[in-house]
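What follows is a single structure, written as structure tokens, with notes after it.
The values are calculated or read from the model by the stated rules, or taken from the named source; none is laboratory data. Keep in mind that what you see is a predicted model, and the values were worked out from it rather than measured. Neighbour counts run over all protein chains shown; Cβ positions are idealised from the backbone, glycine included. In case anyone asks, the SASA skips ligands and DNA or RNA and just uses the protein heavy atoms, side chains included. Shrake-Rupley method; radii C 1.70, N 1.55, O 1.52, S 1.80 Å.
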Amino acid sequence: MPRMDDGTLKAILKAEVEQAVGYAGDDIAEERRRNLDYYYSRPLGNEVEGRSSVVLSEVQDVIEAIMPDMMEIFAGTDEVARFAPVDEEDEQAADQASEYVNHIWYVDNKGALIAHDWVKDALISKNGIIKIDFDTSKKTTRHRIENAPLSQLDDLMNDPEIEVLELEAKPLPPELAELMPDGALYDVTFTRTRKRGRVRIKNVPPEEFLLPRRTVSLEDADFVCHRVKRTVSDLIQDGYSRETIEALPSDDEIDLSSEKLGRFEGESLLDRGPGFDKAMRSIWVYECYARI
């Protein structure tokens, strides 16, 4: 069987995206927008001049009354998970695994706040989505050391994370030169690049999560997608070609969807124009998982 070409793959994914639940303009998106309007007690649009325009906050009152009980269930303990040992020899490893997972959830990723937004999204928008992945991005910092003997720079020069940008020798006076084997002190400017290597857990806004309309469970779904806005600078830093990224358009269709407007009513969602910092221009990225 011949290998599927990139054009066919793109066409399949594009069709899946446009037919998915939550895509701009579908009935689910419109229903979620109405739910947000009810939650925030916004005008219903049928107001009559001269008559009361009061909107009751019953939806918000009910959800906020439920939230404490829900938070007690999902975040009312110091342990989000506990590993059970199979036999006595596994007890120490199980305890360590439990402590590690709970540290990731509560310390590295603010698990209580994630649980709060997860539950509230489910109550308002019918779906609460949490995404877990592993961050392998690199972080580069710039440093400078002055008046250091060469012997103290050996570890620095041999560190694979270090890139020396500038090394300047400063001759010593004759009376001090005898104290230094090479007779000089050095100023060095360098960058250090480190991989983060950490588990990252975050909430996904319901309007950014797509799945097929007939899906019963995520495990059985033939297509799942997370669409998210990334800046030109972020994508280039991730390793994508500068020429490819800078040539991509900014698609504001999702920005102008009814659900997105409902979530950020009163705020400008339009992208920065061409006269602003081009590196901070936003592009929609679709992270797709499909059975093909």
Just checking, how many residues over region 32-56 are of a type outside the set (Lys, Arg) and surrounded by 14 or more Cβ atoms within 10 Å (Cβ to Cβ)? 8
For region 130-175, name all the residues that are of a type in the set (A, V, I, L, M, F, W, C), free of Cβ contacts under 8 Å to residues at least 40 places away in the same chain and touching a Gly at 6+ places or on another chain (Cβ under 8 Å). Leu172
Name the single residue that is nearest to Cys288 (Cα to Cα) among those in region 202-225 being in a strand (DSSP E or B) and open to solvent by less than 20 Å² (accessible area, probe 1.4 Å). Cys225
Looking at (1) in contact (Cβ under 8 Å) with a residue 60 or more places away in the chain; (2) under 20 Å from Asn35 (Cβ atoms), find the lone condition where Val54 falls short. (1)
Of all the residues that make up region 129-140, how many are under 21 Å from Leu235 (Cα atoms), assigned to a strand (DSSP E or B) and either modelled with pLDDT of 90 or more or open to solvent by 70 Å² or more (accessible area, probe 1.4 Å) (or both)? 7
Among residues of region 226-271 being polar (S, T, N, Q) and open to solvent by less than 100 Å² (accessible area, probe 1.4 Å), the residue modelled with the lowest pLDDT is Ser258
Only helices (runs of 4 or more DSSP H) wholly contained in region 1-84 count here; list those with 1 or more residues that are in contact with a helix residue (DSSP H, G or I) (Cβ under 9 Å, 6 or more places away or on another chain) and within 22 Å of Val204 (Cβ to Cβ). 27-39, 58-75
